[in-house]
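The values are calculated or read from the model by the stated rules, or taken from the named source; none is laboratory data. What you are looking at is a predicted structure, and each value in this text was computed from that prediction instead of being measured. Methodologically, a virtual Cβ is constructed for each residue, glycine included, from the backbone with ideal geometry; neighbour enumeration extends over all protein chains shown. SASA here: full protein model, heavy atoms, side chains in, ligands and nucleic acids out. Shrake-Rupley method; radii C 1.70, N 1.55, O 1.52, S 1.80 Å.
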Amino acid sequence: LLPELKQRAHKIIMNVFLIVIALFLMLSCRTSTGDLCKLIKKQNLNCEEKNGELTFNQNSSPYGETARFIRKNSKVLELRCHKVKIALDLNDLPQVDFSDVKRLEIAQCTLFNNSVLKILVDNFNMKNINSIKIDSSRESENVSLSEALFEKFDGLSELELKTNEHHQFSAKLFKPLSKRLKKLTLEVDDITRLPFNIFEPLELLHFLDIFN
């Protein structure tokens with residue numbers, strides 16, 4: 001009986017140890033999120049932290065809130081724009097480290113130039129992004145999407161891109177993604193406007209879904 005009791009005691013101690021480690025990690029994550037929120041507030045932006053999610057707003061427009069950032073469970077950063085005619089102010093972003101973020105989601109923001117994604121990545125130190133979802137279907141000015149749009153994402157494996165009738169496409173748009181992109185979902189206003197060789201650089205592509 002003694003060896004069995006020792007074995008059970010050892011299992012109980014190990015389980016307790018694992019629970020303590022898990023609680024410590026949860027508290028550490030929550031503290032770091034809280035610290036990030038304090039840092040953002042010091043830069044004169046509204047910030048809230050709840051259940052591991054961090055939310056902060058950009059209010060650079062006289063018409064009110066222009067954009068909302070939500071960091072979900074430290075792995076996903078969502079950017080949602082609220083004003084149709086007002087672009088995100090890339091000069092009014094808080095200096096915070098989101099290097100743990102793996103997925104970037106952008107909803108209803110205009111891709112008004114090809115530097116938008118690069119500036120976001122550099123500003124938030126998001127060097128480990130492997131998945132991006134962009135919904136830029138709102139009305140916007142005419143923009144030619146070039147390879148500069150994705151030049152910071154050579155490690156990207158999954159891309160969802162929704163555009164509108166004001167976007168033109170360079171044949172080299174997806175060239176920076178040739179190393180790892182395996183899944184591409186593309187929604188365009190007119191499929192006939194896509195260059196015939198736009199997908200040629202994507203040698204590792206396994207899944208392609210195009211909506212017209």
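Please determine, by comparing only the residues of the stretch 60-71 that are in contact with a strand residue (DSSP E or B) (Cβ under 9 Å, 6 or more places away or on another chain) and open to solvent by 30 Å² or more (accessible area, probe 1.4 Å), which one is modelled with the lowest pLDDT.
Ranking the candidates gives Ser60 first.
May I ask you to list pairs of residues, at least six apart or on different chains, whose Cβ atoms are under 6 Å apart, with the first in the stretch 161-178 being within 16 Å of Pro195 (Cβ to Cβ) and the second being of a type in the set (Gly, Ala, Ser)?
So the pair list comes out as Thr163/Ser136; Gln168/Ser144; Ser170/Ser146.
Spot the failing condition for Val96; the list is (1) open to solvent by 30 Å² or more (accessible area, probe 1.4 Å); (2) farther than 21 Å from Thr192 by Cβ; (3) in contact (Cβ under 8 Å) with a residue 24 or more places away in the chain, and only one is missed.
Result: Val96 passes all but (1).
Can you pull out the residues in the stretch 90-126 that are of a type in the set (Phe, Trp, Tyr) and farther than 17 Å from Glu151 by Cα?
So the first thing to find is which residues in the stretch 90-126 are of a type in the set (Phe, Trp, Tyr), and the list is 98, 112, 124.
Answer for the stretch 90-126, where residues must be of a type in the set (Phe, Trp, Tyr) and farther than 17 Å from Glu151 by Cα: just Phe98.
Run down Leu204, Leu173, Leu208, Leu186 and say which single residue is farther than 16 Å from Arg103 by Cβ, in contact with a Leu (Cβ under 6 Å, 6 or more places away or on another chain) and open to solvent by 30 Å² or more (accessible area, probe 1.4 Å). Give the steps one after another, and end with the answer.
Details: Leu204 fails: in contact with a Leu (Cβ under 6 Å, 6 or more places away or on another chain); Leu173 fails: open to solvent by 30 Å² or more (accessible area, probe 1.4 Å); Leu186 fails: open to solvent by 30 Å² or more (accessible area, probe 1.4 Å).
Of Leu204, Leu173, Leu208, Leu186, the one residue that is farther than 16 Å from Arg103 by Cβ, in contact with a Leu (Cβ under 6 Å, 6 or more places away or on another chain) and open to solvent by 30 Å² or more (accessible area, probe 1.4 Å) is Leu208.
So in the stretch 146-166, with the set limited to residues that are among the charged types (D, E, K, R) and crowded, with 16+ Cβ neighbours inside 10 Å, which one is farthest from the chain's Cα centre (by Cα)? Show your work before the answer.
Initial filter on the stretch 146-166 (among the charged types (D, E, K, R)): 147, 151-152, 154, 158, 160, 162, 165.
Keeping just the survivors that are crowded, with 16+ Cβ neighbours inside 10 Å gives 147, 151-152, 158, 160, 162.
Details: Glu147: 19, Glu151: 15, Lys152: 13, Glu158: 12, Glu160: 11, Lys162: 15 Å.
Ranking the candidates gives Glu147 first.
Mind listing just one residue for me: the one in the stretch 127-168 that is in contact with an Asp or Glu (Cβ under 6 Å, 6 or more places away or on another chain) and either of a type in the set (Ser, Thr, Tyr) or part of a strand (DSSP E or B) (or both) and, of those, modelled with the lowest pLDDT? Please lay out each step first, then the result.
Residues of the stretch 127-168 that are in contact with an Asp or Glu (Cβ under 6 Å, 6 or more places away or on another chain), as a first pass: 131, 133, 162, 164-165.
From what's left, either of a type in the set (Ser, Thr, Tyr) or part of a strand (DSSP E or B) (or both): 131, 133, 162.
On the way: Ser131: 97, Lys133: 95, Lys162: 91.
Looking at the filtered set, the residue picked out is Lys162.
Taking into account only those residues within the stretch 127-145 that are closer than 19 Å to Asn73 by Cβ and out of contact with any Leu (no Cβ under 8 Å at 6 or more places or on another chain), which is least open to solvent (accessible area, probe 1.4 Å)?
Keep residues of the stretch 127-145 that are closer than 19 Å to Asn73 by Cβ, which gives 127-133.
So of that shortlist, the ones also out of contact with any Leu (no Cβ under 8 Å at 6 or more places or on another chain) come out as 127-128.
Values: Lys127: 163, Asn128: 74 Å².
Among residues in the stretch 127-145 that are closer than 19 Å to Asn73 by Cβ and out of contact with any Leu (no Cβ under 8 Å at 6 or more places or on another chain), the one least open to solvent (accessible area, probe 1.4 Å) is Asn128.
Of the residues that sit in the stretch 104-126 and are part of a loop (DSSP other than H, G, I, E, B) and at pLDDT 90 or above, which one is surrounded by the most Cβ atoms within 10 Å (Cβ to Cβ)? First the steps, then the outcome.
Going through the stretch 104-126, the residues part of a loop (DSSP other than H, G, I, E, B) turn out to be 108-115, 125-126.
From what's left, at pLDDT 90 or above: 125-126.
Numbers: Asn125: 14, Met126: 21.
Looking at residues that are part of a loop (DSSP other than H, G, I, E, B) and at pLDDT 90 or above, I get Met126.
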